[in-house]
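Notes to accompany the following structure.
The values are calculated or read from the model by the stated rules, or taken from the named source; none is laboratory data. No experiment lies behind these values; they were computed from the predicted model shown. With ideal geometry, Cβ positions are generated from the backbone for all residues, glycine too; neighbour counts draw on all protein chains shown.
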Amino acid sequence: MKQTITTSLIALIFCGLFFLYNGIPAGANPPSPGGASVAESHIKTARAELKAAKKALGSDYNCCIEPECDFCALADGKCICADNVSKGKAICGNCYDGWKAGRGQVPNVDVTKIQTLSPDQAKQLFDKLATAK
Ligand SMILES: [Zn+2]
């Protein structure tokens, strides 16, 4: 019993020394080089740019929630969710979640009947997003 405890203690100390010597285990995120404030600055800029892009799209960005979804702009360069939801057709996951959160903006829509994209429709948009430059 005493030997088991000693062996376990040695193993524990060895592991501690290993991590001290080698730093962060592989796969863990390293510290942010610019800190959280740099990330916040990029996010703020990205939000402003995306808002400007949606405005420039005019009627081609016809979203059904407020605040507007971002997924359709980034993946498809347009949003047809307001038209779709008013016709009982599927909407993007971002808009779907918005409706569930009480952010829907199209009148006379039964929230319990809203549909999100089929797996094939979602795959098409995610493939566009994955290859967007
Ligand atoms: Zn949408």
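Here are the numbers for this structure:
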{"item": "For Gly77: the one exception among (1) under 19 Å from the mean Cα position of the chain (by Cα); (2) more than 16 Å from the ligand (Cβ to nearest atom)", "result": "(2)"}
{"item": "Residues located in the stretch 52-88, provided they are closer than 18 Å to Asp127 by Cα and either of a type outside the set (A, V, I, L, M, F, W, C) or in contact (Cβ under 8 Å) with a residue 60 or more places away in the chain (or both)", "result": "Asp70, Asp76, Gly77, Lys78"}
{"item": "Residue in the stretch 77-89 that is modelled with pLDDT of 95 or more, of a type in the set (A, V, I, L, M) and either farther than 18 Å from Leu129 by Cβ or in contact with a Leu (Cβ under 9 Å, 6 or more places away or on another chain) (or both) present", "result": "yes"}
{"item": "Number of the condition not met by Tyr61 [criteria: (1) aromatic (Phe, Trp, Tyr); (2) away from the ligand (no atom under 16 Å from the Cβ); (3) at pLDDT 60 or above]", "result": "(2)"}
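A quick yes/no check of all residues on (1) surrounded by 18 or more Cβ atoms within 10 Å (Cβ to Cβ); (2) among the basic types (Lys, Arg); (3) within 18 Å of the chain's Cα centre (by Cα):
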| residue | (1), (2), (3) |
| --- | --- |
| Gly34 | no, no, no |
| Lys55 | no, yes, no |
| Asp60 | no, no, no |
| Cys69 | yes, no, yes |
| Cys72 | yes, no, yes |
| Gln105 | no, no, no |
| Gln121 | no, no, yes |
